[in-house]
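As structure tokens, the structure follows; a few thoughts come after it.
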Amino acid sequence: MSGFDLIIFDCDGVLVDSEIIAAQVESRLLTEAGYPISIEEMGERFAGMTWKNILLAVEKEANIPLSASLLDKSEKLLDARLARDVKIIDGVRFALARLTTQRCICSNSSSHRLDMMLEKVGLKPYFAPHIYSAKDLGGDRVKPKPDIFLHAAEQFKVSPDKVLVIEDSVHGIHGAKAAGMRVVGFTGASHTYPSHADRLTDAGAETVISRMMDLPAVVAALGEWSGAL
């Protein structure tokens, strides 16, 4: 018994090493559009956000109009890169094999992209059919809003305070905390940066790990601590 009724995994940057690929594609598109930004800054500032919300944030900050065509262009380029290059995060299979608590995925990525990535790295059988895209709830209900996390809890008929979320982004942690859930931060993907762990802790993560192999022990420890309250 872990002390939790459900473990929710983010996908990008937690299960698959996709955030660095997104940062590469999106930084190039923004730079070409007149907003120079490095791959590292993309990861630090925008990891976990949808491309649409990134564009809106950049437009507001820089006061430059960004073509609507960038939405479709990014999707096509990123899907092609992910289909070719995305890899599983080290230690994920080890962790999943040792966690007996029911689990699911809650992501801002689209359902078709989730399906493609999880199929490519062989993780779909570990989660199907419990793979949830916030975009399926509506474009205005993505993280950092709590909607997708609450939706998952409803599907499993569990209380939010008995749910543990694994997230790599500040935006994801804010959404999970707003849903009333506990959070472990993860910094083991390629887009990590020097202040990553501190930012996840400041956002509300109870602890932060950099190796997915450490997750089962952390889940057990957090569950025991919860049970002692």
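The values are calculated or read from the model by the stated rules, or taken from the named source; none is laboratory data. Quantities reported herein were computed from a predicted structural model and do not represent experimental measurements. Because the Cβ atoms are built from the backbone with ideal geometry, glycine has one as well, and the counts that use them run over all protein chains shown. Each accessible area value is taken on the protein alone, full model and side chains, heavy atoms only, with ligands, DNA and RNA left out. Shrake-Rupley method; radii C 1.70, N 1.55, O 1.52, S 1.80 Å.
Could you compute the FRET efficiency for ASP79 and TRP225, with r as their C-beta to C-beta distance and R0 at 35 Å, rounded to 0.05?
That pair, ASP79 with TRP225, gives E of 0.30.
Determine, from the Cβ-Cβ distance of ARG211 and THR31 and an R0 of 30 Å, the FRET efficiency 1/(1 + (r/R0)^6), rounded to the nearest 0.05.
That pair, ARG211 with THR31, gives E of 0.35.
What residues have an amide H closer than 5 Å to that of PHE186, excluding those fewer than 5 places away on the same chain, when H is modeled at 1.01 Å from N in the peptide plane?
GLU167, ASP168, ILE209
When the chain is treated as a GNM, springs tying every alpha-carbon pair under 10 Å, which of GLU32, GLU167, GLU41 comes out with the largest mean-square fluctuation?
Comparing GLU32, GLU167, GLU41 in a Gaussian network model of the chain, the most mobile one is GLU32.
Using alpha-carbon positions, what is the distance between the centroids of segment 102-129 and segment 144-199, in Å?
Using only Cα atoms, the two centres lie 16 Å from each other.
How large is log10 of I(q)/I(0) for segment 127-175 at q = 0.12, 0.13, 0.28, 0.30 Å⁻¹ when the intensity is taken from the Debye formula with one equal scatterer per alpha-carbon?
Debye intensities relative to I(0), on a log10 scale: -0.24, -0.29, -1.25, -1.31.
Please quote Rg/Rh for the chain to two decimal places, taking the Kirkwood radius as Rh and restricting both calculations to Cα atoms.
Radius of gyration over Kirkwood radius for the chain works out to 0.96.
Relative contact order of the chain: what whole-number percent is it, with Cα pairs under 8 angstrom and at least 6 residues apart?
That works out to 29 percent.
Once Lys and Arg get +1 and Asp and Glu get -1 on their Cβ, which of GLN102, MET212, ALA47 lies farthest toward the positive end of the dipole of the chain?
Value computed over the given set: GLN102.
Select from segment 114-170 those trypsin sites (Lys or Arg not before Pro) which occupy a DSSP coil region and have at most 10 other Cβ atoms within 10 Å, ordered by residue number.
Sparse-neighbourhood loop trypsin sites (Lys or Arg not before Pro): LYS157.
For ARG45, ARG211, write out the residues from largest to smallest accessible area, computed with a 1.4 angstrom probe and no ligands counted.
Ranked list, largest accessible area first: ARG211, ARG45.
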